[in-house]
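**Q** Have a look at this one before I ask anything.
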Amino acid sequence: MPLGRLGAFLLLGPSLLLLVLVFLVPIGWFITGALGELGSFADIREEAVAVLGSRAVLGAILNTNWIAFLVTVMVLLIGYPVAYALTRAKGIAFTLILVCIILPYFTSVIVRTYAWMVLLGRNGLINQALLALGIVDAPLDLMYNRLGVVIGMTYVLLPYMVLTLYSAMKAVDPRLLQAAEGMGASPLRVFLKVFLPLTLHGVIAGALIVFILGIGFFITPALMGGPSDIMIAMLIEREIELTQNWPTAALMTLVLLAVTLSLYAVYQRFANQTEGLAP
Amino acid sequence: MSATLSARIIEFSTTGGMLRAVLVRALVVLLCVGLLAPIVVVVVLSFSGDGYMRFPPESFSFRWYERFLGDHRWRNAILNSVLVAGMTCVFATFLGFLAAYAMVRGGFRAKGAVTAFLLAPLIVPHVVTAIGIYYLSSKWGLVGVRPWIAVSHAVVALPVVLVILQSALRAVDPNLERAAMIFGCDRWGVFRRVVLPLTLPAVVSAALFSFLTSFDELMISLFLAGVRAETLPVRIWNSLLLEVEPTIAAVSTLLIGVTVIALLADWGVRQYRARALPDTTKGP
């Protein structure tokens, strides 16, 4: 039953109020308040140049982008075949694959990170197995370095990619693939010329969402990374936990927020395309 | 049906295709095992009777659970987590239902902008949301206050509720609501007798997932919990910074168990809905 504008506004009111009061205003207040401590606009600009140009911050920004990029590539390489299998699977196989994606997806990030810490640690299960099998003589450093961060983040972010790709792949008409095969295209050619182009918007949307979530990551890199794997979110947290340096944190937050929201705007375009193609 | 069948036949028509199909299948099985393995390993380890982490364990026991549940700080964390998640679930589901109804049935401009705003907490890095709320909370003495943590969690749970309830409400034929009104129901009656019964399974799903969102949330809790209101994820975080010990496996298994129960309940609700309720969706 259609609602008038007033009715819609009244029903939306409480939710909008919640988000304005506990999301928009706090973030806005934090940024303006913290920057306000610095004084005039010229002071803020000076501080911004000093903070954002500093070695630590530039290094963290570089790390953040590079790690998020590596994770996006890994997630895509693993997610594509899994999503494809999910599209093709039926009955019990479909349920099993779905469980393997959904259960981790809804398990707490801290629990998933802990699970990988158990596996990758110096005395972790993987090292125990490798030593027992005589493959290595000394335990490998699988964690507290970049490798650990990338493995952990890939695991946490994989479901986003699989679910995005799945909805894109599901929308591809299988008759198109058949037609291509029927006209003599090799399977590789069918994949490259028909299936990949038709699912490309899903690949882009999935890659964007993983990258967006990746650059804001905190828990996994903080627990599984080494001293040289500081990401921007960790630096922001440290400024506040350790030194209560609100202005510096606010400047970095502003950068992170700007990048996140711009990428999200691009994502919206591709995500809408996915929805439009869905049956 | 026949389309997929002939696709299968084409796939298996050459020996190369057969080999490739087997390889793809093996790869997928391997990846799926890899996805589930870390979780299974944690659950198995939590029942280990060994003094240190070894897989598979040589003996089994409940010693890590005894350690976990015997510690009053962990018990407090369970209580905090349940209370906060319960409150979040009520806030988010209630507000989310009203908003979802307005989004689906309401005619107003800027719907796209409102949607983008309501879903923004999913995209904005949690560290930013958490610090923003912390900035405000530290000024107003709200750190360590459980209802306030629940309100903050509701911010990130609301988008989850909205997504679930919007799709459920879209499946309710507005003509049913019109019919109820013609037969003399007022708006409240339409809601109570038509909309709510038809969307009840989705409301239960939304409640489950908003509970889970809060129960598993770490970033906001980390800043807002203080020492008084540590939730389970916060305590896990604090102990992981020190060492990777098997007690955490028992705690993790509890969290995984709650996730499994929520997913099973959601699945059950969907089954019930498919069987018991007529599909009022209009055809494509």
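The values are calculated or read from the model by the stated rules, or taken from the named source; none is laboratory data. Note that this is a predicted model, so its numbers are computed, not measured. Methodologically, a virtual Cβ is constructed for each residue, glycine included, from the backbone with ideal geometry; neighbour enumeration extends over all protein chains shown.
**Q** How do the pairs read when you match residues in region B:17-28 that are among the basic types (Lys, Arg) and surrounded by 10 or more Cβ atoms within 10 Å (Cβ to Cβ) with residues anywhere that are at pLDDT 85 or above and part of a helix (DSSP H, G or I), using Cβ under 8 Å and keeping only pairs 6 or more apart or on different chains?
**A** B:Arg25/A:Ala85
**Q** Sticking with this one: Looking only at region B:42-51, filter to residues that are more than 8 Å from chain A (Cβ to nearest Cβ) and within 24 Å of the chain's Cα centre (by Cα); which one of those is surrounded by the fewest Cβ atoms within 10 Å (Cβ to Cβ)?
**A** Quick first cut of region B:42-51, residues more than 8 Å from chain A (Cβ to nearest Cβ) only: B:43-44, B:46-51.
From what's left, within 24 Å of the chain's Cα centre (by Cα): B:43-44, B:46.
Numbers: B:Val43: 17, B:Val44: 15, B:Ser46: 23.
Only one residue fits best here, namely B:Val44.
**Q** From the list A:Ala93, A:Ala68, A:Ala60, A:Ala85, exactly one residue is assigned to a helix (DSSP H, G or I) and out of contact with any helix residue (DSSP H, G or I) (no Cβ under 7 Å at 6 or more places or on another chain). Which is it?
**A** Values: A:Ala68 fails: out of contact with any helix residue (DSSP H, G or I) (no Cβ under 7 Å at 6 or more places or on another chain); A:Ala60 fails: out of contact with any helix residue (DSSP H, G or I) (no Cβ under 7 Å at 6 or more places or on another chain); A:Ala85 fails: out of contact with any helix residue (DSSP H, G or I) (no Cβ under 7 Å at 6 or more places or on another chain).
Every option except A:Ala93 fails the conditions.
**Q** Hey, another quick one. Restricting attention to region A:164-175, and to residues there that are within 25 Å of A:Leu208 (Cβ to Cβ) and not in a loop (DSSP other than H, G, I, E, B), which single residue is nearest to the chain's Cα centre (by Cα)?
**A** Among them, the one singled out is A:Thr164.
**Q** Further, regarding this structure: Is there any pair with a first residue in region B:30-41 that is within 7 Å of another protein chain (Cβ to nearest Cβ) and touching a residue at least 60 places away in the same chain (Cβ under 8 Å) and a second that is crowded, with 19+ Cβ neighbours inside 10 Å and not in a helix (DSSP H, G or I) whose Cβ atoms are under 9 Å apart and which are 6 or more apart or on different chains, and what are they?
**A** What qualifies is B:Ile39/A:Thr107.
**Q** I would also like to ask the following. Can you confirm whether B:Ile236 is under 21 Å from the mean Cα position of the chain (by Cα) and free of Cβ contacts under 8 Å to residues at least 24 places away in the same chain?
**A** Working: under 21 Å from the mean Cα position of the chain (by Cα): yes; free of Cβ contacts under 8 Å to residues at least 24 places away in the same chain: yes.
In short, yes.
**Q** Could you go through region B:78-94 and let me know if any residue there is more than 13 Å from every other protein chain (Cβ to nearest Cβ), within 30 Å of A:Thr243 (Cβ to Cβ) and in contact with an Asp or Glu (Cβ under 7 Å, 6 or more places away or on another chain).
**A** Scanning region B:78-94 turns up at least one residue that is more than 13 Å from every other protein chain (Cβ to nearest Cβ), within 30 Å of A:Thr243 (Cβ to Cβ) and in contact with an Asp or Glu (Cβ under 7 Å, 6 or more places away or on another chain).
**Q** Residues being surrounded by fewer than 19 Cβ atoms within 10 Å (Cβ to Cβ), touching a helix residue (DSSP H, G or I) at 6+ places or on another chain (Cβ under 8 Å) and within 14 Å of another protein chain (Cβ to nearest Cβ): count how many of those fall in region A:33-53.
**A** Residues meeting the conditions: 2.
**Q** Could you say which residue among A:Val259, A:Val255 is in a helix (DSSP H, G or I) and touching a Leu at 6+ places or on another chain (Cβ under 8 Å)?
**A** Working: A:Val259 fails: touching a Leu at 6+ places or on another chain (Cβ under 8 Å).
Answer to the selection: A:Val255.
**Q** Considering only residues that are under 19 Å from A:Phe23 (Cβ atoms), aliphatic (A, V, I, L, M) and either in contact (Cβ under 8 Å) with a residue 60 or more places away in the chain or surrounded by fewer than 20 Cβ atoms within 10 Å (Cβ to Cβ) (or both), which ones fall in region B:91-113?
**A** Across region B:91-113, the qualifying residues are B:Ala92, B:Leu95, B:Leu98, B:Ala99, B:Ala100, B:Met103, B:Ala110, B:Ala113.
**Q** Which of (1) without any contact (Cβ under 8 Å) to a residue 24 or more places away in the chain; (2) under 22 Å from A:Leu11 (Cα atoms) is the odd one out, the single condition B:Val172 does not satisfy?
**A** It is condition (1) that B:Val172 fails.
**Q** Out of the residues in region A:172-183 that are within 17 Å of A:Thr87 (Cα to Cα) and without any contact (Cβ under 8 Å) to a residue 12 or more places away in the chain, state the one that is farthest from the other protein chains (Cβ to nearest Cβ). Give the derivation first.
**A** Pass one, region A:172-183, residues within 17 Å of A:Thr87 (Cα to Cα): A:172-178.
If we keep only those that are without any contact (Cβ under 8 Å) to a residue 12 or more places away in the chain too, we end up with A:173-175, A:178.
Working: A:Asp173: 8, A:Pro174: 5, A:Arg175: 6, A:Gln178: 6 Å.
Checking each candidate, the answer is A:Asp173.
**Q** Given the condition over 28 Å from A:Pro139 (Cβ atoms), facing chain B (nearest Cβ under 8 Å), buried (at least 19 other Cβ atoms within 10 Å of the Cβ) and out of contact with any strand residue (DSSP E or B) (no Cβ under 8 Å at 6 or more places or on another chain), answer yes or no: does some residue in region A:60-82 qualify? Spell out how you get there, then give the answer.
**A** First pass over region A:60-82, keeping only residues over 28 Å from A:Pro139 (Cβ atoms): A:60-62, A:64-65, A:68-69, A:72, A:76, A:79-82.
Checking the rest, the ones that are also facing chain B (nearest Cβ under 8 Å) come to A:81-82.
Retained after the next criterion (residues that are buried (at least 19 other Cβ atoms within 10 Å of the Cβ)): A:82.
Those still in the list that are out of contact with any strand residue (DSSP E or B) (no Cβ under 8 Å at 6 or more places or on another chain) too: A:82.
Yes, because at least one residue in region A:60-82 is over 28 Å from A:Pro139 (Cβ atoms), facing chain B (nearest Cβ under 8 Å), buried (at least 19 other Cβ atoms within 10 Å of the Cβ) and out of contact with any strand residue (DSSP E or B) (no Cβ under 8 Å at 6 or more places or on another chain).
**Q** Count, please, the residues in region A:100-153 that happen to be more than 28 Å from B:Thr259 (Cβ to Cβ) and assigned to a loop (DSSP other than H, G, I, E, B).
**A** Here the count works out to 11.
**Q** Would you tally the residues in region B:166-212 being of a type outside the set (A, V, I, L, M) and not in a helix (DSSP H, G or I)? Explain how you work it out, then say what you get.
**A** To start, the set of residues in region B:166-212 that are of a type outside the set (A, V, I, L, M) comprises B:166-167, B:170, B:173-175, B:177-178, B:183-189, B:191-193, B:197, B:199, B:201, B:205, B:209-211.
With not in a helix (DSSP H, G or I) added as a condition, the list becomes B:173, B:183-186.
Counting residues in region B:166-212 that are of a type outside the set (A, V, I, L, M) and not in a helix (DSSP H, G or I) gives 5.
**Q** Of (1) within 15 Å of A:Thr107 (Cβ to Cβ); (2) surrounded by fewer than 24 Cβ atoms within 10 Å (Cβ to Cβ); (3) touching a helix residue (DSSP H, G or I) at 6+ places or on another chain (Cβ under 9 Å); (4) not β-branched (Val, Ile, Thr), B:Leu264 satisfies all except one. Which?
**A** Among (1) within 15 Å of A:Thr107 (Cβ to Cβ); (2) surrounded by fewer than 24 Cβ atoms within 10 Å (Cβ to Cβ); (3) touching a helix residue (DSSP H, G or I) at 6+ places or on another chain (Cβ under 9 Å); (4) not β-branched (Val, Ile, Thr), B:Leu264 violates only (3).
**Q** Okay, next question. Provide a single number: the residues in region A:62-117 that are in contact (Cβ under 8 Å) with a residue 24 or more places away in the chain and farther than 22 Å from A:Pro221 by Cα.
**A** Going through region A:62-117 one residue at a time, the tally reaches 7.
**Q** Can you spot a residue in region A:161-168 that is within 16 Å of A:Leu70 (Cβ to Cβ) and either surrounded by fewer than 23 Cβ atoms within 10 Å (Cβ to Cβ) or touching a residue at least 60 places away in the same chain (Cβ under 8 Å) (or both)?
**A** Just the residues of region A:161-168 that are within 16 Å of A:Leu70 (Cβ to Cβ), to begin with: A:161.
If we keep only those that are either surrounded by fewer than 23 Cβ atoms within 10 Å (Cβ to Cβ) or touching a residue at least 60 places away in the same chain (Cβ under 8 Å) (or both) too, we end up with A:161.
Checked region A:161-168: at least one residue is within 16 Å of A:Leu70 (Cβ to Cβ) and either surrounded by fewer than 23 Cβ atoms within 10 Å (Cβ to Cβ) or touching a residue at least 60 places away in the same chain (Cβ under 8 Å) (or both).
**Q** On the given criteria, is A:Leu77 of a type in the set (A, V, I, L, M, F, W, C) and within 30 Å of B:Val22 (Cβ to Cβ)? So that I can check it myself, show each step before the final result.
**A** Working: of a type in the set (A, V, I, L, M, F, W, C): yes; within 30 Å of B:Val22 (Cβ to Cβ): yes.
Taking the combined requirement at face value, the residue satisfies it.
**Q** Check whether at least one residue in region B:118-127 is touching a helix residue (DSSP H, G or I) at 6+ places or on another chain (Cβ under 6 Å), modelled with pLDDT under 90 and within 11 Å of another protein chain (Cβ to nearest Cβ), and report yes or no.
**A** no
Yes/no matrix, rows are residues, columns are (1) more than 21 Å from the chain's Cα centre (by Cα); (2) at pLDDT 95 or above:
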{"site": "A:Leu62", "(1), (2)": "no, no"}
{"site": "A:Val73", "(1), (2)": "no, yes"}
{"site": "A:Gly91", "(1), (2)": "yes, no"}
{"site": "A:Val99", "(1), (2)": "no, no"}
{"site": "A:Ser108", "(1), (2)": "no, no"}
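**Q** Can you pull out the residues in region A:132-155 that are within 12 Å of chain B (Cβ to nearest Cβ) and surrounded by fewer than 22 Cβ atoms within 10 Å (Cβ to Cβ)?
**A** A:Ala132, A:Tyr144, A:Ile151
The rows are residues; the columns are (1) more than 9 Å from chain A (Cβ to nearest Cβ); (2) not β-branched (Val, Ile, Thr).
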{"position": "B:Ala102", "(1), (2)": "no, yes"}
{"position": "B:Ala110", "(1), (2)": "yes, yes"}
{"position": "B:Ile131", "(1), (2)": "no, no"}
{"position": "B:Pro159", "(1), (2)": "yes, yes"}
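**Q** Residues being at the interface with another protein chain (Cβ under 8 Å from one of its Cβ atoms) and under 26 Å from A:Gly121 (Cα atoms): count how many of those fall in region B:246-269.
**A** Final tally of qualifying residues: 6.
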